[in-house]
Amino acid sequence: MRDIPVEKLSEEEARAELAALAAEIAEHDRAYYERDRPIITDAEYDALKRRNAAIEARFPHLIRPDSPSFRVGAAPARGFAKHRHLKPMLSLDNVFDRAEFAAWIDRVRRFLGLAAGERIALVAEPKIDGASISLTYRRGRFVVGATRGDGTEGEDVTANLRTLRDLPLSLPPPCPELIEIRGEVYMAKEAFLALNERMEAEGEEPFANPRNAAAGSLRQKDPAVTASRPLALFAYAIGECSEPIADTHQGLLARLRAWGFAVNPLSRPLQDWPEAESFQDEIGLARSSLPYDIDGVVYKVDRLDWQERLGFVGRAPRWAVAWKFPAEKATTRLVAIEIQVGRTGALTPRAVMEPVNVGGVIVRHATLHNEDEIARKDIRVGDTVIVQRAGDVIPQILGVVPEKRPPDAKPFVFPDRCPVCGSHAVRPPGEAVRRCTGGLTCPAQVVERLKHFVSRAAFDIEGLGEKTIEAFHADGWLTSPVDLFKLPAREAEIAAREGFGTVSARNLVRAIEARRRIPLDRFIYALGIRRIGEANARLLARHYGTFDAWRRAMLAARDPTSEARAELEAIVGIGPAIAQELADFFDEPHNLAVLEALAHEVTIEPASAPEAGGALAGKTIVFTGTLATMTRAEAKARAEALGAKVTDTVSKKTDFVVVGEEAGSKAEKAKALGVRMLTEEEWRRLAGLA
Ligand code: IVH
C-alpha cells in the first residue's frame, strides 16, 4: 500500500492505511517510550508519521480519533497558540500561621453575615507544587488544554496534555455540555530524580526542582518529548461550567473522580475551621514522605452557593486560602566543597556543612548546582551559609552571611581535571556543566559506559546485563571496554561464579568472540562519546569510511583551526558543537589508549556504501534552495541511502549541486567552480525517484 502515492489513494485505501498506520505507529511508540527499545530508526518513524499526515491532509474526514498526529511527535510548533480562559485562573491568598488563618475565617463569616456559632464546613487539600492547567471539555470530549499564563490567557498545550496518562480524553456521561477543569500537572519526586539522571546522561541540563521539570515538560514544542516525561495530574477545581454539577466542593471532587480524574487522596472535609490546625500539622509531618512536593494546604469553603456569594477580591477568591508551610531555613558553616562525578561524567559541586536542623531534618550536604552558581553567590569554604530545603528534594544554599566570613577565605577554584580519574574536565561553550572526558576508563563512569558499550545498537553482547557488569567491575575484571575481550580467557572462572554455569559461561564467551568483527558505525557509537548517537555515528562512518581514516581525521580535528575540523563541522548533521565533543574525546590520552587497545582486539569493518555502484555512490552532493517535491531532510536521506555524501558547502570536491527554488550563493559558487548543477527533475531521475 505504501507504494501508492498519496494523491492516487482511493478513499477506501486511505481509510485502511490510516488504520494500519495508527496501529503500527502506536506499536513503535510503545517500543520507544515504554520499552526504550525502538524497532526502527528515527528516520523510518518520521516517514511513517509523514505519510500518515499526508493522507490525513488529503482526507480530513477520515482522521481517526486515535490518530498518531494527536498523540506524539507532531511537527514542532513555533511557540504556542494563545488560549483565552473562559473563566480566569486565579491565584490564592496565603496565610502563614493560625492567627492569619483565623482572620481569614472571620472575613468569610462577616461577608456571609453568619452568626458566631454557625459552622463553616471546609475542604482541605494539599497544595501541589506543580504547574496549573485548565482543561476544556465540550460534550464530554477533551478539546483544549492550556497553561495558566497571566490568568486570563495561557498557552495552548493541548497536544502535550494529550500525552498524559492521567488525563481522561473523554468524560463518561452524565457530564455538562461545556466545562473547564482545573488542576495541577506535577512530577513525583522519584520520577524527577530519575529524569534528571536521564537528562544528564543525554548531556542535557537537569531541572532544578520537580515544579520546573513539570512546567518545562509541559511546554515542549514536541509532544513526543512531553510523552517521555513522567507527568501526573491532580484535578481540584472547575472554571466555566454550563450547568451546576454539585452543591459542595466535596461533591465536585466526587464528580471529578467519577470522570476519571485523579483527586488528591489526602483531601479531607473538615466540619469547622478549628480542625484546620491539626490537619495542617498532620500534613506538615507527612510532607517529606509524600511522593510529590507540596508547599502548603489549601482550605476551601465547602458550600458552592457560599463560594458564589463570596466571589473574588483582586486576583484571588475569598472562599479559599493557602496556608503555607513555614520556610525551612537555617545557617551553618561550610566545611568543604566536594566535586562529585556522576555516572555520565558531570562534575557537580556539593557543599559539605556542619550538620544543621532544617525544618526537622538534619542536613549535612547541599547542592551547589554548578561552578557559575558558586561564583555568582561567592561561596567560600569557611563561610557561614544560609541553607534552605527547596520543596523537600534537595537542600540548597541561598547565600552567605558576609559579616561572618573568615579573613583568609579564598574564592573557590573549580577543578579542570576529574577528581576521580585525572582526565581533562571540559566545559563546552554555552553549557553550565563541566564533564570528565575520560569516560571509557573513569571509575565513576565505567559501569555506565560498559552497559552502553555492550548494548543492542553497539557491540550487542548478549548475556552481559547490568548486574553482571557491576559484579565483574567490582572484582576488577572489567575496568575498561578492552577488558571485555579478556573475559574469554576467564571462561572457567566465570562458569564457577554464582548465577553462571558451564553453559552460560560458554555462551557469554561465544557472544564476545562473535563481536570481534564490528562495523565502523557501531564501533563509533559504542564509544559513548557525548552527542554521538546512532545517527551521528553513521554519518561519521560514512564520511570517513575506515577506522584509521576516522581516527586520523579526529586527531587532526583537535586543532580548531585545522582543515580537518572544518571538514568535520561541514558534515550535515554534525556542526561545531558535536565536532567539539569529538575533539575533546580525542584530546584525552586515556581515551586514545583505550582506542588503541580496542583496535588490537577487534576488526573494525569499513563503512559500506549502500546500493554501491549507482550513479550517486561515493559522490558528494550539496542541496540548495527549496525542492518542490520533497523536504531537504528527505532528499538528504535518499542521497545517503544511495551512498552519497551530503555536505553544506560547495567546493571543488563537490560532485553535484542540486538547485531548487530561490537558490542563492551556493548555486553561484557552483557555477564559478564549474561543479555540475542538477535541476530537481534531474536529481529525481538520478535518485531513481522519477
Ligand atoms: S485552587 C480559585 N487547589 O496554587 C482557586 N490550587 O497559589 C484556584 N494549587 O494557581 C486554585 N494545589 O496552581 C487550588 N488543591 C489546590 C491546589 C492549587 C495547588 C496551585 C494552583 C494555583 C496556585 C495558587
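The values are calculated or read from the model by the stated rules, or taken from the named source; none is laboratory data. Everything quoted here is computed from the prediction, not taken from an experiment. Heads up, the Cβs are rebuilt from the backbone with ideal geometry, glycines too, and the neighbour counts pull from every protein chain shown.
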Checklist entry - Is it the case that some residue within region 248-257 is away from the ligand (no atom under 14 Å from the Cβ), under 27 Å from THR158 (Cβ atoms), in contact (Cβ under 8 Å) with a residue 40 or more places away in the chain and not in a helix (DSSP H, G or I)? => result no
Checklist entry - Given the conditions (1) at pLDDT 90 or above; (2) among the polar types (S, T, N, Q); (3) under 30 Å from ALA511 (Cβ atoms); (4) part of a loop (DSSP other than H, G, I, E, B), and given that ASN591 satisfies all but one, which numbered condition is not satisfied? => result (4)
Checklist entry - Restricting the first residue to region 316-334 and requiring it to be in contact (Cβ under 8 Å) with a residue 40 or more places away in the chain, which pairs with a second residue that is within 16 Å of the ligand (Cβ to nearest atom) and of a type in the set (Phe, Trp, Tyr) meet a Cβ separation below 6 Å and a spacing of at least six or different chains? => result VAL321/TRP104; VAL321/TYR299; TRP323/PHE101; LYS324/PHE96
Checklist entry - Inside region 393-495, counting only helices (runs of 4 or more DSSP H) that do not spill past its ends, which hold 2 or more residues that are crowded, with 17+ Cβ neighbours inside 10 Å, within 26 Å of the chain's Cα centre (by Cα) and touching a residue at least 40 places away in the same chain (Cβ under 8 Å)? => result 446-453
Item to check | Residues of region 126-147 that turn out to be in contact (Cβ under 8 Å) with a residue 24 or more places away in the chain and closer than 11 Å to GLY183 by Cβ, as a count | outcome: 7
Next on the checklist: Take LEU233 and tell me if it is of a type in the set (A, V, I, L, M) and away from the ligand (no atom under 12 Å from the Cβ).
Outcome noted: no
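Taking the residues in region 121-137 that are surrounded by 19 or more Cβ atoms within 10 Å (Cβ to Cβ) and under 17 Å from TRP319 (Cα atoms) as candidates, determine which candidate is farthest from the ligand (Cβ to nearest atom).
So the residue we want is LEU122.
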Checklist entry - In region 192-210, how many residues are crowded, with 19+ Cβ neighbours inside 10 Å and modelled with pLDDT of 85 or more? => result 4
Next on the checklist: Against the definition (touching a residue at least 40 places away in the same chain (Cβ under 8 Å), assigned to a helix (DSSP H, G or I) and either over 24 Å from the mean Cα position of the chain (by Cα) or within 16 Å of the ligand (Cβ to nearest atom) (or both)), how does ARG211 come out, yes or no?
Outcome noted: yes
Next on the checklist: Of all residues being of a type outside the set (Phe, Trp, Tyr) and in a strand (DSSP E or B) in region 236-247, which is nearest to the ligand (Cβ to nearest atom)? Just the residue, please.
Outcome noted: ALA237
Next on the checklist: Checking ALA336 against (1) at pLDDT 95 or above; (2) closer than 23 Å to PHE234 by Cβ, only one condition comes out false. Which one?
Outcome noted: (2)
Checklist entry - Any chance region 658-668 includes a residue that's modelled with pLDDT under 90, of a type outside the set (D, E, K, R) and surrounded by fewer than 16 Cβ atoms within 10 Å (Cβ to Cβ)? => result yes
Item to check | Any hit, region 447-460, residues being within 19 Å of PHE586 (Cβ to Cβ) and in contact with a Cys (Cβ under 9 Å, 6 or more places away or on another chain) | outcome: yes
Checklist entry - Restricting the search to region 505-517, which residues are surrounded by fewer than 21 Cβ atoms within 10 Å (Cβ to Cβ) and either touching a strand residue (DSSP E or B) at 6+ places or on another chain (Cβ under 8 Å) or of a type in the set (A, V, I, L, M, F, W, C) (or both)? => result VAL509, ALA511, ALA514, ARG516, ARG517
